[in-house]
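Since the structure comes first, as structure tokens, the remarks are kept for the end.
Quick note: the coordinates plus some simple rules give every number you see, no bench work behind them. In this text the structure is predicted, and so the values were computed from the model without any measurement. A quick note on method: Cβ atoms are made from the backbone with ideal geometry, for glycine too, and the neighbour counts reach across all protein chains shown.
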Amino acid sequence: MNFFAHLVLAEQTVESRVGNLLGDFARGVDQQSLSAEVLQGLINHRRVDQFTDQHSQVLQMKRSFTAQRRRFAGIALDVLFDHFLIKHWQLFSEQPKKQVIDDLYRDLLAGQSVMPERMQQVTQKMVEGDWFRAYETLDGVAYALERVAGRIRFSNNFGGVGEELALHYPQFEIGFKLFLPDLIERFSSPYILDGKVGEKTC
């Protein structure tokens, strides 16, 4: 899962949201220096990622990618899942999407002092560039993934992965709607009601 989903699966506190996002920036971080709530968020992040990577629907979706891009399929699907969650937010939650995004941005800025430097830089760009609303479109997802491809330090064929997302978009959307209820059943969200997900995505 990517940034938006991890934040949605956090408790509604600055520390929990920082911890649930910290998993992508934890290299070199002394876990013993973390507060209990931030550490619990980090643990939750890792459990969510493990559950996602092993889920049958996600494994099936990864097999849809061409061999040259399959190595990076997990990264592409993480961002695409944020897209689907944001695009279909009204199906999963009664909380207004605009308010939720604004609340997440506010807490990311409020939590800067407990983030490692790299995480501070990325989250500031996230808020300033309004990444979550950019994820509402497939073009926005493709653009985000092109930025990721450009940061990979070795030769790769990840660029242009947006074409594969577009090609398989309908089946990926169905797969996400089958996967999400299992995710919410395992990891509750203060925004999303488990029963509502099952009802709305069927």
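Odds and ends about this structure:
- In a fully extended conformation the segment linking residue 43 and residue 186 would gain 50.1 nm over its present Cα-Cα distance, using 0.36 nm per residue.
- Relative exposure of 1, 115, judged by other C-beta atoms within 10 Å (fewest first): 115, 1
- Under the span-like rule (Cα at least 18 Å along the axis, Kyte-Doolittle mean at least 1.0), DSSP H helices of the chain: 73-87
- As a rough footprinting exposure proxy, the listed residues 37, 94 were ranked by other beta carbons within 10 Å of their own, and the order from fewest upward is 94, 37.
- Short-range pairs are left out: with C-alpha atoms under 8 Å and at least six residues apart, the relative contact order of the chain is 29 percent.
- Listed from fewest to most Cβ neighbours within 10 Å, the set 13, 66 follows the order 66, 13.
- Cβ-based charge dipole, segment 3-201, positive-most Cα from 48, 160, 175: 160
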